[in-house]
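Notes to accompany the following structure.
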Number of protein chains: 6
Amino acid sequence: MAEIKDLLGNDTVLRTDGRKTDELRPVSIVRHFTDAPEGSVLISCGNTRVMCTATFTAGVPRWRRDSGLGWVTAEYAMLPRATSERTDRESVRGKIGGRTHEISRLIGRCLRGVVDMKALGENQIQLDCDVLQADGGTRTASVTGAYVAMVDALRWAEAHKLIRSAEKVVKDSISAVSVGVINGTPMLDLPYIEDSQAMTDMNIAMTGAGEFIEIQGTAEHRPFTRDELNVLLDLAQTGNRQLQAAQRKALAAE
Amino acid sequence: MAEIKDLLGNDTVLRTDGRKTDELRPVSIVRHFTDAPEGSVLISCGNTRVMCTATFTAGVPRWRRDSGLGWVTAEYAMLPRATSERTDRESVRGKIGGRTHEISRLIGRCLRGVVDMKALGENQIQLDCDVLQADGGTRTASVTGAYVAMVDALRWAEAHKLIRSAEKVVKDSISAVSVGVINGTPMLDLPYIEDSQAMTDMNIAMTGAGEFIEIQGTAEHRPFTRDELNVLLDLAQTGNRQLQAAQRKALAAE
Amino acid sequence: MAEIKDLLGNDTVLRTDGRKTDELRPVSIVRHFTDAPEGSVLISCGNTRVMCTATFTAGVPRWRRDSGLGWVTAEYAMLPRATSERTDRESVRGKIGGRTHEISRLIGRCLRGVVDMKALGENQIQLDCDVLQADGGTRTASVTGAYVAMVDALRWAEAHKLIRSAEKVVKDSISAVSVGVINGTPMLDLPYIEDSQAMTDMNIAMTGAGEFIEIQGTAEHRPFTRDELNVLLDLAQTGNRQLQAAQRKALAAE
Amino acid sequence: MAEIKDLLGNDTVLRTDGRKTDELRPVSIVRHFTDAPEGSVLISCGNTRVMCTATFTAGVPRWRRDSGLGWVTAEYAMLPRATSERTDRESVRGKIGGRTHEISRLIGRCLRGVVDMKALGENQIQLDCDVLQADGGTRTASVTGAYVAMVDALRWAEAHKLIRSAEKVVKDSISAVSVGVINGTPMLDLPYIEDSQAMTDMNIAMTGAGEFIEIQGTAEHRPFTRDELNVLLDLAQTGNRQLQAAQRKALAAE
Amino acid sequence: MAEIKDLLGNDTVLRTDGRKTDELRPVSIVRHFTDAPEGSVLISCGNTRVMCTATFTAGVPRWRRDSGLGWVTAEYAMLPRATSERTDRESVRGKIGGRTHEISRLIGRCLRGVVDMKALGENQIQLDCDVLQADGGTRTASVTGAYVAMVDALRWAEAHKLIRSAEKVVKDSISAVSVGVINGTPMLDLPYIEDSQAMTDMNIAMTGAGEFIEIQGTAEHRPFTRDELNVLLDLAQTGNRQLQAAQRKALAAE
Amino acid sequence: MAEIKDLLGNDTVLRTDGRKTDELRPVSIVRHFTDAPEGSVLISCGNTRVMCTATFTAGVPRWRRDSGLGWVTAEYAMLPRATSERTDRESVRGKIGGRTHEISRLIGRCLRGVVDMKALGENQIQLDCDVLQADGGTRTASVTGAYVAMVDALRWAEAHKLIRSAEKVVKDSISAVSVGVINGTPMLDLPYIEDSQAMTDMNIAMTGAGEFIEIQGTAEHRPFTRDELNVLLDLAQTGNRQLQAAQRKALAAE
């Protein structure tokens, strides 16, 4: 682990975009990006841009009725030219791919992890995360952006007296960031070029209180040790704290 | 017809957004909206916003091979919260609706109408029109924006020596606009609120030379006369001329 | 336009089937073609043969309930060997193609354009147009034949006291015909061989009163001018008048 | 079994349409019903009407290539208003039902049963049986009609020198008929009203030589004995002989 | 027929697995194979192994409600490596093949053939037959095994007071077996190697009383005569009697 | 964290099945469960039973050709009555659910994580994990069982000279286990009853060398701290070591 720590402190490691190993890409969060949805956010993390909308609906799916509890669900998709090669539309192919399903479910779990379903009451929030441009970290940007859109939708619901208090529904903030090991060096917030070279790739969603909601680590190319895991978790903590600061700043503005 | 002409000249007809009957909504065309596609345009017509990307690919579909001719095709889709009520994703429903098919085909025909397939050679341009926000006229905005994205993709192809001359491929410009009869009054460029009240609804695509590429008129609620048709065609001509000016201005900028 | 008019009057223009430029193909309308449906028509326009059935059902789709209004809808399909090359069944492919969707929607709009939904009451008419043999103009033959089947279904409904008066439901008759420009010459009612050569192709649905319900003009191969449009509309008027005479004759017989 | 024979001989058993228990419904076979297919037949068995087309194509599916053998396959479908209640299209539902699959496979097996695949060479015959009107026995009428369409397609192929001899490809004729036990009485050729009351229902395809190609007997409502089976097979033999006479007569005409 | 009888009695005919022509493969029926279902059976017929589960549910499908009658339905499927070559999953292909549909329907009809729907009351039994290993006769093994699973589910229902008496619901036992003609010799219970060589192939489901519920005979490769049919039916009777003995023995055990 | 450690050491915590918090359910691994596949394993972890087959095929998917590298992929599915309530088949629903996709992808990644693709050469291994009975931990049992099936398939390939050495292809063993926090107590290997109560739920795949291939932790119900994470990872290490011992023992047997 000594070696890894050393690398982390080593300013001479050059990333393709000149960032330090523990540095986030520039983050921007635009609220009210479109007018129709109750919450509508355009989040940019470097070149990755995701439009996150939150739809607030009175009522819950059938299986949830008469429980007194609300529900939060999410769908993720990529526009065909979000990527450098055009991807066929899943609507045209007639089915949703495994990756899309996997990410949609991840986003839903993350957001549900900070929602008090009792305080939400029998209402539903549907999050839609549509990737306009993809340069790595689209699923983590989706979580981070969807949180802001959800808060806006809850504030709207409070203003329209559909819930008592948006603040009570949201138990904590949530953001997510990717970390990975590139050529033996742990790094924060991987763009596509790094992501495709990573031996280990993790996505980590954390609450404002610094606790974990979701940890997903994969090592198709080389298993990782517990020491490496700990370094990656430290990096993720650093990144998520900054993302949460950006969320707070965006939500403070009017 | 006297009556109709009179109405057209009558400034006292109030539209919900204060426009005159022969006035377009504000148009904005942003080029290079995203980085990955060969052409990427965000077009806004009033509150309607469509992201139009153009993908240039060497080669054509199998049925077109060894013809020496190129191909242009288009796909249209709406994001779930482009509308005031959330619409289910067609990828989730597992099939594409009739309306989507109809509009995709219309856009494709319009763009092909101004392309010299020989000059394009055995290359393909795929247009993707994704509606971020819908307030009427999404199909006509798609045609107008897709033209600009297509020109950008052809310029890119020329710069990369994949075609000889972008200018020779594009025989003329093309734009489209909606017109309709609301409570007996012909009007130009209908937002959703007017569109839903229209007795007659037309979408008209015209070339820079003022000729027609596509005329689609529907009168579910009251048939229209030849006189009314002529008034509507005049309005469409007015609107398309202005849209083409906006296209030229956008394409002139660097 | 002088040139065009001249061509129209010029008997020396030879069509593959020997017709004049403003001449319809032979039309035949057989009512009660099959026994089960409330309306069942076999319409032949030249070699194009379409079986049109009309199903009358009490009740309307959910979104229409308690409106006091009826609904009319249509589905179009081709049998696999309607064409010279066999076409795969859409049921086997598992999805309906864009062309089928587009035509089904067109037929539905046309028929709804002459129906008084209040007089129909909360009842539904479902039109099915199945092409047994295709030789151009299948969509326009479908509209023309479906009208007769619909009237039969309404007469049946009147006889069974499900509606007060078939006559009151049908505000006017409707027929449709194709017109197009072939090698610069405008022509009426294009068979497949002409249709595939057309530079401009229009389908025009008109009421018995001579007003338009639907105008669809496409010019993938060469834009058309307003003068050409006017000649085409004249041709369409000529054709639709004759089709409506054939409809009247068929419906007068018992 | 005495009792059953007795019933068969008993002229006093009344069928809804006045036929005797061992009497076929009127059969009509119209060749060249449409022009495009290599074989096109409209067969009527009572009120059941099926359009059977045969498509002859040079070449076989991939799995059959370089075998020197041909292939015969079939698809069956019902038009939506073939039945007294409208049936949703399988193309609209997006999948083919079990019944359709089962019948398509049955027709294919029956026709293959009389084809010499070597004599056919690497060519394919695709049979399409589309039910225009259904009144029981649609699958057996399909087999009987498809045989005639197939012979016509083979004659066409012989005339076009695509095969040496149509006669050599067809080893024997084939027809099929339904039989069943209604209220204890075995009967031949069941219309819908009888079919729905049958305790036992069999479809039997036989060659001109009187041998079996396919026997399908089902007894959801009451098991049947070997004696009953024998009576039903006798009835089927009677019916198939008459159907084969009708096939011969149709094919003899020019 | 003399010749055929002779062959049947001829011990010198060698089958690939050393059996006599009228000999079943070893049968084993394991009840309570898994714990969750109301009935769960693993049946082995030679190398063919099918897991049959029976699900008892209170209530019937909508179209059956308020009839006082129950319903029995079945689904058949093969695991991807039940066969020597891997078969793609039908869930991945997105549709169920014709063979699967055909067999599912056959199993359902067979089981319904021995159930007294009135005694079952408004309850449903869903049979699932999943082939773990396929070596011919999977559909007949499914019928034979599903019967045992169904009886177990009914005994469970009786014990839970959901029906009065399992015995009254089941009117008789049912089993099925394949028979076929291989190189002119009729044989009982065909493994895959024989099945693929069979000129005639029959599946015959019989009740404990020795009556027929389902007869399916196919002769793609050579038509069969009435004499051959009779020999095959005799063989099937022999086989089914032994299978029913195995069922009784399994159901007698606790 | 003191409190957590204490709980772990506390024998008085009662699990529904009487196990200690750090105790695995009984594991059984049956090789050669069926005959057709190159590798076929039935793994039982408590009441969870999964049939894992490995199919070895020469050649790789198109996108992988001429790379000199092999490929490993996996599919997971549940039989309808693996669960206490019957689940509809995904083949019948016509699409694969998100959960199935997510798990199939997880299994594939895990197995690829221990395979040397160069040593495998251009060959493919397809793993199929079909859950016969589900009682929690089906995805981890699938990983553990699939590893054994894969080794068997590689040994088969070595014996058939399709690869040089099975041992060289498999870089290390891999197993997976679930851990979770129930009422504040971290526990190993959760059956369904515990899984559904877990506040935090992790699935951890480890190599024989004790390194991580996959970590998936989810906390919909209560975020977890770094200390809890560490306890859970310790438990997972304990469990995976025992599972790997069971794998070794199974693979040592002949």
- Here the residues within region E:52-68 that are in contact with a strand residue (DSSP E or B) (Cβ under 8 Å, 6 or more places away or on another chain) and either without any contact (Cβ under 8 Å) to a residue 24 or more places away in the chain or basic (Lys, Arg) (or both) are E:Arg64
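Here is a yes/no grid of residues against (1) touching a residue at least 40 places away in the same chain (Cβ under 8 Å); (2) within 24 Å of B:Arg62 (Cα to Cα); (3) of a type in the set (Gly, Ala, Ser):
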site: B:Arg112; (1), (2), (3): yes, yes, no
site: B:Lys118; (1), (2), (3): yes, yes, no
site: B:Ala134; (1), (2), (3): yes, no, yes
site: B:Arg139; (1), (2), (3): yes, no, no
site: B:Val143; (1), (2), (3): yes, no, no
site: B:Val151; (1), (2), (3): yes, no, no
site: B:Glu167; (1), (2), (3): no, no, no
site: B:Ser173; (1), (2), (3): yes, no, yes
site: B:Gly180; (1), (2), (3): yes, no, yes
- Tell me, please, whether a residue that is more than 14 Å from chain A (Cβ to nearest Cβ) and either in contact with a helix residue (DSSP H, G or I) (Cβ under 9 Å, 6 or more places away or on another chain) or in a loop (DSSP other than H, G, I, E, B) (or both) can be found in region F:67-77. yes
- Item | Answer from A:Glu254, A:Glu220 - the residue that is farther than 20 Å from F:Asn230 by Cα, free of Cβ contacts under 8 Å to residues at least 60 places away in the same chain and surrounded by fewer than 16 Cβ atoms within 10 Å (Cβ to Cβ) | A:Glu254
- Note on the structure: The condition from (1) touching a strand residue (DSSP E or B) at 6+ places or on another chain (Cβ under 9 Å); (2) under 24 Å from C:Gln237 (Cβ atoms); (3) more than 10 Å from chain C (Cβ to nearest Cβ); (4) at pLDDT below 95 that B:Glu194 misses is numbered (2)
- Residue by residue through region F:198-208, note down the ones that are out of contact with any Leu (no Cβ under 9 Å at 6 or more places or on another chain) and either modelled with pLDDT under 95 or under 19 Å from F:Pro223 (Cβ atoms) (or both). F:Met199
- The residue from B:Thr48, B:Thr53 that alone is more than 14 Å from chain C (Cβ to nearest Cβ), in contact with a helix residue (DSSP H, G or I) (Cβ under 7 Å, 6 or more places away or on another chain) and closer than 25 Å to A:Phe56 by Cβ is B:Thr48
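Can you pull out every residue in region A:79-114 that is among the basic types (Lys, Arg), over 17 Å from B:Glu75 (Cβ atoms) and at the interface with another protein chain (Cβ under 7 Å from one of its Cβ atoms)?
If the condition is that a residue be among the basic types (Lys, Arg), over 17 Å from B:Glu75 (Cβ atoms) and at the interface with another protein chain (Cβ under 7 Å from one of its Cβ atoms), then A:Arg105, A:Arg109, A:Arg112 are the ones that fit.
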- Task: Determine whether region D:90-104 contains at least one residue that is touching a residue at least 12 places away in the same chain (Cβ under 8 Å), of a type in the set (Lys, Arg) and surrounded by fewer than 19 Cβ atoms within 10 Å (Cβ to Cβ).
- Result: no
- Going through region C:62-79 one residue at a time, which ones are closer than 30 Å to C:Thr48 by Cα and not hydrophobic (A, V, I, L, M, F, W, C)? C:Thr73, C:Glu75, C:Tyr76
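Based on what the data block shows, is E:Ile163 within 14 Å of chain D (Cβ to nearest Cβ) and either over 12 Å from the mean Cα position of the chain (by Cα) or buried (at least 24 other Cβ atoms within 10 Å of the Cβ) (or both)?
no
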- Can you name the number of the only condition in (1) touching a residue at least 24 places away in the same chain (Cβ under 8 Å); (2) under 30 Å from C:Val170 (Cβ atoms); (3) surrounded by 24 or more Cβ atoms within 10 Å (Cβ to Cβ); (4) not β-branched (Val, Ile, Thr) that B:Asn203 fails? (3)
- Query: Does A:Leu235 qualify as being assigned to a loop (DSSP other than H, G, I, E, B) and either at pLDDT 95 or above or within 21 Å of A:Arg25 (Cα to Cα) (or both)?
  - Reply: no
- Query: Within region A:166-187, which residues are of a type outside the set (Val, Ile, Thr), farther than 19 Å from F:Arg222 by Cα and crowded, with 16+ Cβ neighbours inside 10 Å?
  - Reply: A:Ala166, A:Ser178, A:Gly180, A:Pro186, A:Met187
- Message: Being crowded, with 24+ Cβ neighbours inside 10 Å, more than 11 Å from chain E (Cβ to nearest Cβ) and either hydroxyl-bearing (Ser, Thr, Tyr) or within 22 Å of C:Val131 (Cβ to Cβ) (or both) narrows it down to one residue among D:Leu132, D:Leu154, D:Leu120; which is it?
- Response: D:Leu132
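Within the group C:Arg25, C:Arg49, which residue is closer than 18 Å to C:Thr138 by Cβ, assigned to a loop (DSSP other than H, G, I, E, B) and either of a type in the set (Ser, Thr, Tyr) or in contact (Cβ under 8 Å) with a residue 40 or more places away in the chain (or both)?
Unique residue meeting the criteria: C:Arg25.
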- Item | Residue list for region F:31-45, restricted to those being farther than 12 Å from F:Cys129 by Cβ, surrounded by 20 or more Cβ atoms within 10 Å (Cβ to Cβ) and away from chain E (no Cβ under 11 Å) | F:Cys45
- Message: Going residue by residue through region D:97-109, is there one that turns out to be modelled with pLDDT under 95, outside any helix (DSSP H, G or I) and either farther than 17 Å from D:Tyr192 by Cβ or in contact with a strand residue (DSSP E or B) (Cβ under 9 Å, 6 or more places away or on another chain) (or both)?
- Response: yes
- Query: Among the candidates D:Ala245, D:Ala209, which residue alone is under 16 Å from D:Thr144 (Cα atoms), surrounded by fewer than 20 Cβ atoms within 10 Å (Cβ to Cβ) and within 11 Å of another protein chain (Cβ to nearest Cβ)?
  - Reply: D:Ala209
- Message: For region A:72-89, which positions are surrounded by fewer than 24 Cβ atoms within 10 Å (Cβ to Cβ) and among the hydroxyl-bearing types (Ser, Thr, Tyr)?
- Response: A:Thr73, A:Thr83, A:Ser84, A:Thr87
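The values are calculated or read from the model by the stated rules, or taken from the named source; none is laboratory data. This one's a predicted model, so the numbers in the text were calculated from it and none came from an experiment. As a convention, Cβ positions derive from the backbone with ideal geometry for all residues, glycine included, and neighbour counts pool all protein chains shown.
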